[in-house]
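To start, the structure under review is shown below, and the notes come after it.
The values are calculated or read from the model by the stated rules, or taken from the named source; none is laboratory data. From a predicted model like this one, the values you see are computed outputs, not experimental measurements. Heads up, the Cβs are rebuilt from the backbone with ideal geometry, glycines too, and the neighbour counts pull from every protein chain shown. With ligands, DNA and RNA removed, areas are computed over all heavy atoms of the protein, side chains included. Shrake-Rupley method; radii C 1.70, N 1.55, O 1.52, S 1.80 Å.
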Amino acid sequence: QEQYVFVGNPPPFNGGWHFSAVNDFEHPWEQKRLDASWQNIRIWHRVNYVPTVAEDGAPALTPAEAFDPNQKDKGALKLHEGFRLTTLYFVGGLMPHTLNATVMADNAPGNLVVARHWELGVNFATMGHGLDVLIACGSKETSLISGYEAAVFPKQDHLLEISGVRKAEGFTCRCAGEQAGPVLVSASCCSVEALEPWFDAIGLSAGDGSATDESGRSFTCSTQESVFRLDIANLPNMTGATFTVPDSNAPNVAVLVDEVADPIEIFTIVNHLIEQGFNFQLISHSMGEAVQRVTTETVFGNAMYALRDCVCVLTTTPANHVASPVFDGVFVAGGQCPYFMLQDLGVIALLDAVKVVAAVCHGPEALIGSKWLHAKDGSNAGNFVSYYGAWMSFRDVLHRYEKKKPGEVCSDAGGRFFSGNAPNSTKEMVTQACAAIGKLKGSM
């Protein structure tokens, strides 16, 4: 019997190996409190089992070495009381949304495997956005965990409300189903207050250190990799968070960006605005300080990224410190940064005041509560897209949500609401939005 296994997307992707982000903490302020030395570390793991279905369509797990992409039921082991996992763990970051967009998407085998384990009444443990995987399971209308109580990532109350899940009061929560039903242990994020109680609740409290890895399944090694770092504040015509051009008639736009933004998306937005001669101000979530420095994710490259091995640093103005803003439009970067802008009255005020908005990848989540998704008068601003792995955040407006191929853009009929669903859609999205802003401004 294996003590632990990894379940996920199968080979041929990277030989079945997956790796964690480097320094891209889901909640930077909280996680750095845990251990300031936890830097420049990448965790690799290899998939042991692949979610599949048996020949009769029953949910199954297939050992990675037996998986055949041309005959996916080959070697499939059907799930039942005698063959199941005892606990399923879902950690945070953006990885859960990658799962939602791939192995879990649209009632795919991953979704069926999770649902079958739920039926079998096993334990589930989630950290931060790991909860989003369970929320996305079930049907488009109803979440698998509807009726349960959970600790959710800070400021994501709306996600629980539209999913029928009660919000726990503390940093962690243990919720048991009726009789022999499943147990859900959740933590809002990896923080000082949540970590040890979460481990205790799932039976993984600190031991005496006597455990050893006799199988030799893990090892560590040191590597060196070059990463290009761009400080946007050092670009010509930038003064702090503001870029200014000599043309007094040039459009003036806001760019919403925060910690752990996607560097490709924010670089593409900034670069195009500079090329088009727009004035812009970089704006982050409301806070006490009048200036905030934010750092993007560090991207090491994949098929959807034109740039690789790069990180951006930006000087921003918190939304509550923006002085009497009059913007012609707002651009929203994706990555994990939109989660820090949720429920922010300063951010919502900026969004509600403009005639054109453009949000890419996870960026549309920052629009929740604004006129673009939830207008008080019930008006419809048009259809939109997002990174598909985040679809469950829009369960209440799914009639307006479109699923497109990665890299495509959606715009409403009036040419005011633009959205992209992946980093490689940013260029086209910002091009269309700038043209619409220029047309409204009368400067182009």
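Among the residues of the range 353-365, at least one is in contact with a Phe, Trp or Tyr (Cβ under 8 Å, 6 or more places away or on another chain), buried (at least 24 other Cβ atoms within 10 Å of the Cβ) and free of Cβ contacts under 8 Å to residues at least 40 places away in the same chain. With respect to the stated conditions, Cys312 is crowded, with 23+ Cβ neighbours inside 10 Å, within 17 Å of Ala21 (Cβ to Cβ), touching a helix residue (DSSP H, G or I) at 6+ places or on another chain (Cβ under 7 Å) and modelled with pLDDT of 95 or more.
So which of Ala390, Ala422 is in contact with a Gly (Cβ under 7 Å, 6 or more places away or on another chain), under 26 Å from Gly93 (Cα atoms) and open to solvent by less than 10 Å² (accessible area, probe 1.4 Å)?
Ala422
The set of residues in the range 264-295 that are open to solvent by 20 Å² or more (accessible area, probe 1.4 Å) and under 26 Å from Lys155 (Cα atoms) comprises Gln281, His285, Ser286, Met287, Gly288, Glu289, Ala290, Val291, Arg293, Thr295.
Rundown of residues vs (1) under 19 Å from the mean Cα position of the chain (by Cα); (2) surrounded by 24 or more Cβ atoms within 10 Å (Cβ to Cβ); (3) in contact (Cβ under 8 Å) with a residue 24 or more places away in the chain, yes/no style:
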| site | (1), (2), (3) |
| --- | --- |
| Thr223 | no, no, no |
| Phe228 | no, no, yes |
| Asn234 | no, no, no |
| Gly240 | no, no, yes |
| Asp262 | yes, yes, yes |
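Considering only residues in the range 64-102 that are assigned to a strand (DSSP E or B) and among the aromatic types (Phe, Trp, Tyr), the one that is least open to solvent (accessible area, probe 1.4 Å) turns out to be Phe90. Just wondering, is there one or more residues in the range 395-413 that are crowded, with 17+ Cβ neighbours inside 10 Å, at pLDDT 95 or above and touching a Cys at 6+ places or on another chain (Cβ under 6 Å)? No, that holds for no residue.
Look at the range 103-143 and say how many of its residues are assigned to a strand (DSSP E or B) and modelled with pLDDT of 95 or more.
The qualifying residues number 6.
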